[in-house]
Amino acid sequence: MDLKEIKAIIDLMKKNSLSEFELEQKDFKIKLKRGMDGADDGTLALPRMAAMPMATLPAPMAAPALQAAAMPAAPAASETEIKSPMIGTFYRSPAPDAASYVDVGVEVGPDTVVCIIEAMKVMNEIKAETRGVITALLAENAKPVEFGQPLFRIRPL
């Protein structure tokens, strides 16, 4: 995780009035807290951040076939990914009975809405931010997604 991603998390925390955020990935853990920390002037103190490598944890007990099926194929060198800008619930369409925003093979532009991510009861439209053709759907509808998780694979035009 780089500094740009951490700053994005801090901005989301401020925007959504969150006081604490914790993320664990393979060998990385970050915990962010916001608070007054004794400030008398009513201003918020800088977020306290702690990033540390995690101790080696035992592998989860899951069927190897399930793990292999859950891993999407590696993208071609010319393809990029549309990643989740936040933690939330991924939706491919604006309503359960509505058509999906995009499917494999659909050409998108920078302002094309590709999905919605619900975070704290707010529906956030996610745009492609690039021009290309959707080549893969990487997230499952109505399932949670993490910050930075690939949602779609796109071949630039």
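Which distance in nm do the two modelled labels at Asp27 and Gln149 give, with both placed 7 Å along the Cα-to-Cβ direction?
If labels sit at Asp27 and Gln149, their model points lie 2.3 nm apart.
Please turn the phi angles of the range 125-133 into ³J(HN,Hα) values with the Karplus equation 6.51 cos²θ - 1.76 cosθ + 1.60 (θ = phi - 60°), one per residue in order, whole Hz, x for glycine and proline.
Values, residue by residue: 6, 9, 9, 5, 6, 7, 9, x, 10 Hz.
Please report the net charge: other residues with Cβ closer than 14 Å to the Cβ of Leu137, K and R +1, D and E -1.
So the surrounding residues net to +1.
How would you order 4-16, 106-118, 79-91 from highest to lowest mean count of nearby Cβ atoms within 10 Å?
The packing order, highest mean first, is 79-91, 106-118, 4-16.
Search the structure for amide H atoms under 5 Å from the amide H of Leu151, placed 1.01 Å from N in the peptide plane, and list their residues when 5 or more places away or on another chain.
Excluding prolines and chain starts, which carry no amide H, the hits are Ile82, Lys83, Ser84.
Can you list the lysines whose alpha carbon sits under 20 Å from that of Lys143, skipping same-chain ones fewer than 8 residues off?
Filter leaves Lys83, Lys121, Lys127.
Going by amide H atoms built from the backbone, whose H comes under 5 Å of the H on Asn124, apart from near neighbours?
Ile117, Glu118, Ala119
If only Cα atoms are counted, what is the Rg of the range 78-156, and what is its Dmax, in Å?
11.4, 36
What order do you get for Arg131, Arg92 when you list them from fewest to most C-beta neighbours inside 10 Å?
Result, fewest neighbours first: Arg131, Arg92.
No value in this document is a laboratory result; all are computed from the given coordinates. Because the structure is predicted, anything quoted here is derived from the model rather than measured. Counting neighbours? That spans all protein chains shown, and the Cβs are built from the backbone with ideal geometry, glycine included.
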